[in-house]
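Contents: one structure, followed by commentary.
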Amino acid sequence: MKGLTFSYPWILALLPVLIIAGIIQYRKLPGRRMRAFLVLRFLGLMTLVAALSCPMILLPADRTAVIFLVDCSAGMGGSFREWAGDVIKKAAAKKKPDDRIGVVLFGSEPYLEKVPGEDGIGKWEVLPPGDGTDIASALTLAVSAFPDGFQKRVVLLSDGRETTGSAVSEATAAASMNIEIWCMPPPEDNFPEALVESRWRRPRHPRRKRSRSFCVSVFTARRIRKRLSR
């Protein structure tokens with residue numbers, strides 16, 4: 001972000017008042033000297049008002065802080081974490097000397113594995129609970145962990161299937177703070193071939209000799225051919 005900004009912009013509302021008052025007084029005063037004195041006086045007041053508003057020129061930062069969000073939910077598996085670790089290591093090898101890299105691991109809860117720093121990607125010895133996927137909380141934690149004076153970027157390593165929270169709302173809020181959001185889904189090889197869910201359907205009017213039915217749902221990341229059996 002760059003440009004001119006003011007810490008107290010409401011003070012600038014006094015400028016139109018001073019200009020109108022100056023024009024009225026200028027017309028009433030006779031003689032060039034009095035008018036010149038009045039002009040200098042109002043220019044000084046306008047300069048004082050502008051100074052009280054605390055103007056600042058924002059220059060673009062030449063350093064970047066990147067925080068990787070790694071999905072550690074149960075559905076991703078160990079091969080996905082290996083792939084995510086390789087992605088972060090490659091990014092760390094290519095970063096500039098002044099750039100910073102941080103890591104947030106998340107499942108049903110987020111965990112700040114590594115504060116944005118110069119070296120390393122963390123050990124990943126403690127994983128968060130994997131019984132859910134809360135991308136929104138991970139984004140919130142990442143935003144709070146960014147250091148000042150850096151361009152900020154979040155890289156999400158996940159399949160994007162959240163079970164809790166609203167990642168879109170958190171991403172919108174982060175974007176309003178000039179934080180870039182990148183998403184990197186894993187290659188298809190890192191997905192399980194198939195996820196099978198089975199549910200027993202209880203009959204409304206159970207009978208001893210009546211057969212029971214099961215409902216089997218199969219989810220795949222790509223088209224495959226498999227045979228289901230007992």
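The values are calculated or read from the model by the stated rules, or taken from the named source; none is laboratory data. Not measured: the values here are computed from a predicted model. Cβ: placed from backbone, ideal geometry, glycine included. Neighbour counts: every protein chain shown.
Pick out the one residue from 66, 70, 87 that is among the β-branched types (Val, Ile, Thr) and not in a strand (DSSP E or B). Steps first, answer last, please.
Working: 66 fails: not in a strand (DSSP E or B); 70 fails: not in a strand (DSSP E or B).
One residue alone meets the criteria, 87.
Selection of the range 85-106 for residues being over 18 Å from residue 145 (Cβ atoms) and of a type outside the set (Asp, Glu) yields 85, 87, 89, 90, 93, 94, 96, 97. From the set of residues in the range 162-196 that are among the hydroxyl-bearing types (Ser, Thr, Tyr) and not in a loop (DSSP other than H, G, I, E, B), which is modelled with the lowest pLDDT? Ranking the candidates gives 176 first.
Quick check on the range 110-130. Is at least one of its residues on the phi > 0 side of the Ramachandran plot and aromatic (Phe, Trp, Tyr)? Can you show your working first?
To start, the set of residues in the range 110-130 that are on the phi > 0 side of the Ramachandran plot comprises 120, 122, 124.
The next check asks that each one be aromatic (Phe, Trp, Tyr); those that pass are 124.
Yes, there is a match, as at least one residue in the range 110-130 is on the phi > 0 side of the Ramachandran plot and aromatic (Phe, Trp, Tyr).
For first residues located in the range 172-185 and acidic (Asp, Glu), partners that are surrounded by 12 or more Cβ atoms within 10 Å (Cβ to Cβ) and lie 6+ apart or on another chain with Cβ distances below 6 Å form the pairs 180/153.
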